[in-house]
Protein chains: 4
Amino acid sequence: MQFGAGIWLFGQFVDRYATDAYGPPVSTLEAIERAGAVGDLEVLDINYPFSDPDITVEEVQRALEAAGLRAATITPHIYTRDFVAGAFTNPDPAVRERALALCEEGVDVAKRLGAPTVKLWPGQDGFDYPFQADYRTLWKLALDGVRTVADMDPGIRVAIEYKAKEPRTHLSWSTAARTLVGIESLGRDDVGIVMDLGHSLFAKEAPADVLSLAHEHGRLFTIEVNDNWREWDDDLTVGSIHLIETLEFFLEVRKIGWQEPILLDQFPFREDPVEAARTSIRTVRAIDRTLDRLDLDALRIAQERQDALAAQHLLTDLLLGDVTADSAR
Amino acid sequence: MQFGAGIWLFGQFVDRYATDAYGPPVSTLEAIERAGAVGDLEVLDINYPFSDPDITVEEVQRALEAAGLRAATITPHIYTRDFVAGAFTNPDPAVRERALALCEEGVDVAKRLGAPTVKLWPGQDGFDYPFQADYRTLWKLALDGVRTVADMDPGIRVAIEYKAKEPRTHLSWSTAARTLVGIESLGRDDVGIVMDLGHSLFAKEAPADVLSLAHEHGRLFTIEVNDNWREWDDDLTVGSIHLIETLEFFLEVRKIGWQEPILLDQFPFREDPVEAARTSIRTVRAIDRTLDRLDLDALRIAQERQDALAAQHLLTDLLLGDVTADSAR
Amino acid sequence: MQFGAGIWLFGQFVDRYATDAYGPPVSTLEAIERAGAVGDLEVLDINYPFSDPDITVEEVQRALEAAGLRAATITPHIYTRDFVAGAFTNPDPAVRERALALCEEGVDVAKRLGAPTVKLWPGQDGFDYPFQADYRTLWKLALDGVRTVADMDPGIRVAIEYKAKEPRTHLSWSTAARTLVGIESLGRDDVGIVMDLGHSLFAKEAPADVLSLAHEHGRLFTIEVNDNWREWDDDLTVGSIHLIETLEFFLEVRKIGWQEPILLDQFPFREDPVEAARTSIRTVRAIDRTLDRLDLDALRIAQERQDALAAQHLLTDLLLGDVTADSAR
Amino acid sequence: MQFGAGIWLFGQFVDRYATDAYGPPVSTLEAIERAGAVGDLEVLDINYPFSDPDITVEEVQRALEAAGLRAATITPHIYTRDFVAGAFTNPDPAVRERALALCEEGVDVAKRLGAPTVKLWPGQDGFDYPFQADYRTLWKLALDGVRTVADMDPGIRVAIEYKAKEPRTHLSWSTAARTLVGIESLGRDDVGIVMDLGHSLFAKEAPADVLSLAHEHGRLFTIEVNDNWREWDDDLTVGSIHLIETLEFFLEVRKIGWQEPILLDQFPFREDPVEAARTSIRTVRAIDRTLDRLDLDALRIAQERQDALAAQHLLTDLLLGDVTADSAR
């Protein structure tokens, strides 16, 4: 397995209450260095603009090399102050233009860093209140924005990261299926989905189901992982709450033959970020080895009969040990 | 406005606790009679098989005529004991065949009663536990079932009613977008969506948004209405909880130019069903008249700016009266 | 560990869609026989009235003995047709009287069967709609009902089973804390709480927290277990979804020194009930043995520092094996 | 009606994505000035420490006077960087001491500003992960912290603001009932509840119910209002989503005879704060006038029968106009 991470995992966290932040500022270069310290990461999802306008792409490239990392995706910061009323769906055409201009810079940075993908997470696109927006206009603007970015460079593809809400109470790209509906209506091959395990749990989806659905539609571009309590994007360590569904998700990752890195998407507000990343990787490696021990034939037979009890027996034995065998000793 | 109802609104209710039912049995013919007593209904969604195998289609037709009603849709009972482990997605091919055979009878009844649509609500199709089923197999079976029913008669179209869960913990046709993904992949014009306001609230969608999205895709076949607490399909009277979003929904119904009946989908466990239907109709009529008073130009201007506060001013004045005007007196 | 079950686990299931039920009728005596077939159960929670008015308490006693079981609690059926508009909170005093009369019979049956506890689950007490009821009146009636039942016999105590909703959209006894507030206001020692793991997950509580909170207040009377998707009382097999929190719950059961039976509360609509019970017991036994292997000192140290990552390391190693140790080999 | 607001409504907003904030910094004195600009506010809930250590209590007092305001409550900032791992429940006794020291300063500021109440919102107290903390230790620390603050000054009472989550995934003071359990166990009169309408909706409570429950227990100290989508503390304008329940809440505010100010608790991230406050006040005034028109006798009769349909008729007529009357014209 190969691992990667969103660079934000190693940055400074802030929220609306701890407005003095959960720790001191971290520059893009420092964050890359921290990511390298994890020891097991190979790629990064890097936000653009960088933390400081003086930081050059070359400096970022050198920092990546020094840390033994490469850029997998570039994620333009289209959800900061300039865009709080929307990036692609902003009612003001001038702001929409600025969002696209920023994306164009992001596409350029992706090319220069050798990243094949620009990730779009339009976290301020959507609405907060009933009656606030005309939904067809909003959706058209959301689609137009993605199409325009996809048009920017034939060598850079676009991956959309859906999420149900936050910071808006309703985001335009909310679920895997809604994102598929939008992408299919664009009618082009270079737009796909970021399958984020946590966002899928948050959307009350069965993550293993939508992972393979996106794959079946040829739209699975990247995979991110974490966990949450299913009512917010808590960005906790992998497998810490929904271990069973996380196992099921990684089994599906195997079934579709995924060969690319798995990226961590965490916000360890109160933990050391390097340790938080290592904890997730440790758990994912342990899940992977546990899956080696899973009797796939027995599971296939259980699933052909949709036999939930037989499936649970397999899991109980796998995770907790076989009580029957033990009592027979 | 024209109104209709699901015939179950007038039937006998039972649940897993009040196993002796919330009231005495009601035959299909009696339920039609009760529906007629509402006084404002024009069409019914009728379950097949009828309550008693002796009841003929002709008797149903006569009962409808006597009650001043006609059949709008026929909904095959593919979620009763025979199908508790699934109808189209049942692991047993013989059960799947029985489900399709029942649908074929339903298509025939629809033709004979002059209903243009067979509604499919495969409420037992899906899964309950993680690891219980192979998701791609499940989805393929779900699609195959719908396609087969759509093939049955060129004059009868198929409308899929999505719902997130119940009685299964996860239903195959779960959200508007997921249903659109499935329908588009079938690649045919005679399969569409039942937009149920309550199911949309339950799915945490913005109902007005997905209503017009389905319409935009040419897939809006029928509309059902009710209300709930957004965490279960409570099937309460229209507008009793989410009045603001219900207003928004009916405004969108106007905007898309909907001319067909609006059907009530309620389960008045503890209320008189005729009165419960009348209460919903009374509220919908009042909503309709209230929308006549809404300043659409002002709303359009607010929505062009995505100005939530301006939109709320319009709504406050509309529903609660204009305080400013009053204090000026 | 000792196990028990609610007798309903072995009965006939029905819901509002599969109105012809998920299987044939099962008498109280047959259900007891099925419970005996599980092989690992010692006690039952038995509903009163029995399935058939002709069944006597003596017959039930003999059936229990034949099955190697005893009655732990009697649960009066105060949520059937007579009580759909409420039992203790019914607006009609005559119905409230009938509910109390039924409870009094239940208390008598408890005495005769040697069960120390009558369980009250007033599933029809509460409300469905805003503005439907005066909340203070409703709460007073809910308290009065419990007090009256507690007064019936000094030798029989009362355990209240809280649940957030169903069949009402809002139940009076909704959460552990709300139930504690009510019980404390009654000011008597013979009223306590049924801690149902599934209801606690459903209420979005931390089950291990409220278990020990109830214990600390001297109000923990009985424990029931199952699992669900946290948005409904799905009554699935134990540990099938929330394995981590189920482990934490059973660790707390140890910490408080619980010596009494753990009761299964399941509705295996689509599974064989005996096998469903066995599956849960198998999982609970495996959890219990897994807890034997948990390094409690290391956990204590982690919790003293509230160190989530250290705690997760312990759990990953416990459930998935120690990757580090392995790679060192 | 008298109105107030939390001072944060007029401050600078930031979240974890728009890390450059939704607008420029706002000092405590500027925020007070903005609050005065609303024109309808009489009191403020003021955070301590102030935005700048150079700002004195006297300056705040003068700013309040200039704005025609007075301090109703002081809320110590026990959820900023120093306290991200907990204030009263922090595992480190030194941090707990610092939290208490800050509260003591807050008590002193309350006295000097003539505010009778210190509000405690220990937003970092709780836990994020299963197995992270010992729940009984956590609860004991939560209670100890409140007791210590209540002991600080006999003239200053303590009001606890509960919330289900955020920024922690689980807060110690989570629901109205849980807070009542904690307060009652403290056994003193000077600790009560902040009833925040939005937090109550978020906790899936019936806000009118817990408002009067807290009042009945003599624990209702202050009232805050806003709205949200019931899955997060969105802090939207009052009545914008849950208008029906907001009406019911304000009816209960009347029933208990509340004479003190109603405070706005909003985070208008994307709106002008002064306008957002005015919008809420406009809605609340309109609700208040609408309640004048509500037929309380008819409602009482409906509620005595728990007649949901009759209650809905009253509301439909009140908010949407009487269709029957109209068609009779």
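The values are calculated or read from the model by the stated rules, or taken from the named source; none is laboratory data. Predicted, not measured: the structure shown is a model, and the values here were computed from it. Cβ: placed from backbone, ideal geometry, glycine included. Neighbour counts: every protein chain shown. In case anyone asks, the SASA skips ligands and DNA or RNA and just uses the protein heavy atoms, side chains included. Shrake-Rupley method; radii C 1.70, N 1.55, O 1.52, S 1.80 Å.
Points to keep in mind about this one:
- With θ taken as phi - 60° and the Karplus curve 6.51 cos²θ - 1.76 cosθ + 1.60 applied, the whole-hertz 3J(HN,Hα) list for segment D:86-93 is x, 9, 5, 9, 4, x, 9, x Hz, x standing for glycine and proline.
- Global geometry of the protein assembly as shown, whether rounded, prolate or oblate, following the gyration tensor of its Cα atoms and the 1.5 cut on a/c: rounded
- Sites A:L314 and C:E216 - FRET efficiency at Förster radius 45 Å, r taken between beta-carbons, to 0.05: 0.75
- DSSP bridge pairs, chain C: antiparallel proportion in percent, nearest 5: 10
- Distances from C:A298 to itself in the other copies, using label points 7 Å out along the Cα-Cβ axis, amount to 2.6, 6.7, 6.9 nm in increasing order.
- 222 nm mean residue ellipticity, helices alone, for chain B (DSSP H n ≥ 4; -39,500 (n - 2.57); rounded to 500): -14000 deg cm²/dmol
- Shape category assigned to segment A:106-264 from the gyration tensor of Cα positions, a/c cut at 1.5: oblate
- Relative contact order, percent, segment A:45-168 [alpha-carbon distance under 8 Å, six or more residues apart]: 28
- Förster radius 51 Å - calculated FRET efficiency between B:E184 and B:E59 (Cβ-Cβ, nearest 0.05): 0.80
- The protein assembly as shown - percent of accessible surface contributed by carbon and sulfur, probe 1.4 Å: 50
- For D:S185, inter-copy label distances in nm, listed shortest first [label point 7 Å out on the Cα-Cβ vector]: 1.9, 5.1, 5.3
- With all protein chains modelled, accessible area of A:M1 [1.4 Å, Å²]: 90
- Cβ charges +1 (Lys, Arg) and -1 (Asp, Glu), total dipole of the protein assembly as shown, debye: 0
- Counted charge near A:I301, where neighbours are those whose Cβ lies closer than 13 Å (Asp, Glu -1; Lys, Arg +1): -3
- Other copies of B:V57: label-to-label distances in nm, shortest first, labels 7 Å along the beta-carbon direction: 5.8, 6.9, 8.6
- Helix A:207-216 vs. chain A, principal-axis angle (Cα, 0 to 90°, nearest 10): 70
- Each Lys and Arg contributes +1 and each Asp and Glu -1, all at the Cβ; summed about the Cα centre of segment A:1-104, the dipole is approximately 260 debye.
- Accessible area, probe 1.4 Å, largest first, for residues B:E33, C:E184: B:E33, C:E184
- Karplus 3J(HN,Hα) series, Hz, for segment B:137-144 with 6.51 cos²θ - 1.76 cosθ + 1.60 (x for Gly, Pro): 4, 4, 5, 4, 5, 4, 5, 4
- Anisotropy class of segment A:125-204 from Cα gyration tensor, a/c 1.5 cut: oblate
- The H on the amide N of D:H170, modeled in the peptide plane, is under 5 Å from the matching H of D:F127, each at least 5 residues off or on a different chain.
- Residues in segment A:37-53 reached by a label modelled at A:E30 [backbone nitrogen below 17 Å; 7 Å Cα→Cβ]: A:37-38, A:47, A:50-53
- Phi to ³J(HN,Hα) by Karplus 6.51 cos²θ - 1.76 cosθ + 1.60 over segment B:261-268, Hz, x for Gly, Pro: x, 9, 9, 7, 10, 10, 10, x
- Chain A: angle of helix A:28-38 to the longest principal axis, Cα-based, in degrees nearest 10: 10
- Within the listed set A:P116, A:P261, A:P24, the Gaussian network model of chain A (springs between alpha-carbon atoms below 10 Å) gives the highest mean-square fluctuation for A:P24.
- For A:V149, the shell of other residues with beta-carbons less than 14 Å away shows a net charge of -3, using +1 for Lys and Arg and -1 for Asp and Glu.
- Choice from C:A67, C:A308, C:A133 with maximal GNM fluctuation in chain C (Cα, 10 Å cutoff): C:A308
- Unit charges on C-beta of K, R, D, E only; dipole of segment D:156-207, Debye: 200
- Chain C: angle of helix C:57-66 to the longest principal axis, Cα-based, in degrees nearest 10: 30
- For segment A:42-104 versus segment A:226-281, the gap between their alpha-carbon centres in whole angstrom: 24
- Interchain or long-range residues, amide H under 5 Å from D:T75's placed H: D:I46, D:N47, D:Y48, D:K119
- Buried accessible area, chains D and A (both chains, 1.4 Å probe, Å² to nearest 100): 4100
- For chain B, the solvent-accessible area works out to 32 Å² per residue, with a probe of 1.4 Å and every protein chain left in place.
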